[in-house]
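Read through the structure below, which is laid out as structure tokens, and then see the notes.
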Amino acid sequence: MFDLRKGYDFPPFRPPNEASSALIRVTRGCPWNRCEFCTMYKGTRFQMRPLEDVKRDVDTAAEIFLGSRTVFIADSDSLVRKDIVEIMEYVREKFPDAERITSYGRARTLRVLGPERLKRIREAGLTRIHMGLESGDKETLEMMQKGVGPEEMIAGGKAAREAGLDLSLYVLIGAGGPDRLREHALGSARVCNAIDPDFIRLRTLVVEHASSLEAKLKQGTFRTTTPLQKLEEVRTFVDALEVTDCQFASDHFANYIWIDHECVYDGIAGHLPGDKARMLAKLDRAIERIGSTDGDVQDVTILHERGLVGHL
Ligand code: SF4
């Protein structure tokens with residue numbers, strides 16, 4: 001029987017598709033923590049949790065999530081730990097039924113680890129990496145202070161793929177603003193094509209309160225995109241994709257668009273390349289409808305500006 005008095009340090013953030021996973025926090029915060037749009041760990045000093053604490057939490061999580069088939073390792077860049085192989089082996093031992101063990105990973109960390117070391121981590125138990133690409137456009141990445149350029153994104157992503165890890169890339173819609181919309185869309189497609197990941201996931205930029213990006217917005221050095229521009233950006237991105245075996249998802253409500261509070265676009269999803277024409281057709285219908293309406297068009301940017309959604 002699980003004893004709540006034991007305590008359990010679980011991560012504050014995880015991808016939506018890890019909602020049912022056993023959550024294991026092996027680091028706290030983000031070792032980079034400078035991306036302009038991100039407030040997730042702004043008040044958190046990056047820490048490696050002591051190995052014995054991590055193992056104790058794995059034991060506890062194994063009681064809470066008894067028989068769990070998916071495990072998520074957090075926080076944002078846990079593969080920087082020198083003892084990550086030992087941790088993975090322990091997780092694998094305590095979750096013998098796990099079919100998927102996932103972690104976030106920064107491109108630089110993946111590039112530095114390289115395919116051989118990543119392969120060793122995979123053999124120890126890790127099966128999947130979520131990597132925040134955000135953009136494949138050099139200027140957009142620099143403006144967002146991502147700390148990684150397109151070529152390093154490609155090197156990190158390819159290292160994970162070569163190691164046999166499933167790779168999920170996040171692309172941040174609106175990251176280039178209207179000024180670099182096309183470069184952001186095409187650059188992101190170029191990097192995705194070079195990596196050829198297993199998954200591409202869309203997230204729409206929200207300028208969070210107290211983020212560095214909010215200051216740029218107030219100064220007028222960054223502008224957000226309209227709902228129609230976002231759809232055109234996604235269309236340009238998807239049209240330029242030449243991935244060979246990739247699941248595409250818009251698995252977050254931040255990608256939705258409403259007219260007069262009715263959801264008229266709930267994102268695109270499918271398997272590429274086979275579903276590309278269907279996904280583009282859905283985008284074209286949404287562009288047509290939203291471009292011709294007199295109604296009140298709302299996306300997450302507008303709802304956030306109106307104070308109707310909080311921190312995402
Ligand atoms: S987006 Fe990722 S890498 Fe950037 S500060 Fe946030 S957690 Fe760190």
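Readers should treat all values here as calculations from the given coordinates under stated rules, not as data from a laboratory. Everything numeric here is computed off the predicted structure, so don't read it as measured data. Here the Cβ positions follow ideal geometry from the backbone for every residue, glycine too, while neighbour counts run over all protein chains shown.
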| field | Violating pairs (Cα-Cα greater than 27 angstrom) within the set 82/138; 94/119; 138/216 | value | 82/138
| task | For the chain, calculate the relative contact order in percent as a whole number, restricting contacts to Cα pairs under 8 Å that are 6 or more residues apart. | result | 13 percent
| message | Restricting to DSSP H runs of at least four residues, report the calculated mean residue ellipticity at 222 nm for the chain, -39500 (n - 2.57) per run over all residues, nearest 500 deg cm²/dmol. | response | -12000 deg cm²/dmol
| note | Contact order relative to length for the range 15-64, counting C-alpha pairs under 8 Å separated by 6 or more residues, stands in percent at 45 percent
| request: For residue 303 and residue 275, compute 0.36 nm times the residue count separating them, minus their Cα-Cα distance, and round to one decimal in nm. | output: 7.1 nm
| request: Taking Cβ-Cβ under 4.7 Å as the only way to count a partner, pick out the unpartnered cysteines of the chain. | output: 30, 192, 246, 263
| field | Cα radius of gyration and Dmax for the chain (Å) | value | 19.7, 60
| request: Two decimals is fine: what's Rg over Rh for the range 24-157, C-alpha atoms, Kirkwood radius as Rh? | output: 0.99
| Virtual spin-label span in nm between residue 116 and residue 294, 7 Å along Cα→Cβ | 6.9 nm
| said: Report for the chain the percent antiparallel among DSSP-assigned beta bridges with both residues inside it, nearest 5. | reply: 30 percent
| field | Nearest-ten-degree value, helix 276-292 long axis tilted from longest Cα axis of the chain | value | 50 degrees
| query | Normalised by the residues of the range 104-215, what does the relative contact order come to in percent, with Cα pairs under 8 Å and at least six apart? | reply | 31 percent
